[in-house]
Amino acid sequence: MRVTINGRSRELSPEPLESLATTLRERLQLTGTKVACERGECGACTVLVDGAAVYACLTLTARVDGATVVTVEGLAPPGALHPLQEAFIRHDATQCGFCTPGQLMSAAALLAREPTPSDAAIARAMNGNLCRCGTYPKIVAAIREVAASAVEGSP
């Protein structure tokens, strides 16, 4: 099978029931995708598949044949930070950092489809991402900041 991961075309031969999280972390050494619950309850493994946020622990690698996958490592060009990453840092939304990759990917998917989301839209989009440090207000503030920057930067 062939899949584009972080802009790079890859040919893969996964095991029949291999999760995308396993492929990313163990085969491709893209360890930014975290695995915690392995049941789709925490969101730490969230990645983008064709622009949609999905739980990599519940997604079979075989199901992404021909798709475009973006992990936190591919959110910004090498050596740069995505505006969401910068905002998370400014708002101290990372705390322990374990959930941060999944939080960033869910937020990126939201802002890609809805550049100026309402608070309710942010809450819905981030609902599947748990933070054991409880930094939800800081995460929401970071997303709001990036959304506001998009409005300020538009013509």
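The values are calculated or read from the model by the stated rules, or taken from the named source; none is laboratory data. The structure presented is a predicted model; accordingly, all values stated were derived computationally and were not measured. All Cβ positions, even for glycine, are placed from backbone atoms using ideal geometry, and neighbour counts span all protein chains on display.
Tell me, yes or no, whether the stretch 75-90 has at least one residue that is among the charged types (D, E, K, R) and over 16 Å from the mean Cα position of the chain (by Cα).
yes
Yes/no matrix, rows are residues, columns are (1) under 25 Å from Leu58 (Cβ atoms); (2) touching a residue at least 60 places away in the same chain (Cβ under 8 Å); (3) of a type outside the set (A, V, I, L, M):
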residue: Leu84; (1), (2), (3): yes, yes, no
residue: Phe88; (1), (2), (3): yes, no, yes
residue: Gln103; (1), (2), (3): yes, yes, yes
residue: Arg113; (1), (2), (3): yes, yes, yes
residue: Arg144; (1), (2), (3): no, no, yes
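Looking at the structure I just gave you, is Ala108 of a type outside the set (Val, Ile, Thr) and closer than 16 Å to Glu145 by Cβ?
yes
Filter the stretch 1-33 down to the residues that are polar (S, T, N, Q) and under 17 Å from the mean Cα position of the chain (by Cα), then identify the one that is surrounded by the fewest Cβ atoms within 10 Å (Cβ to Cβ).
Within the stretch 1-33, the match that is surrounded by the fewest Cβ atoms within 10 Å (Cβ to Cβ) is Gln29.
List pairs: first in the stretch 115-139 and closer than 17 Å to His91 by Cα, second surrounded by fewer than 18 Cβ atoms within 10 Å (Cβ to Cβ) and not β-branched (Val, Ile, Thr), Cβ under 6 Å, 6+ apart or cross-chain?
Short answer, once both residue conditions are applied: Cys133/Gln95; Cys133/Cys96; Thr135/Gln95; Lys138/Asp92.
Of the conditions (1) assigned by TED's automatic domain parsing to the domain that holds Glu145; (2) closer than 17 Å to Ala21 by Cβ, Gly97 satisfies every one except a single condition; which number is it?
(2)
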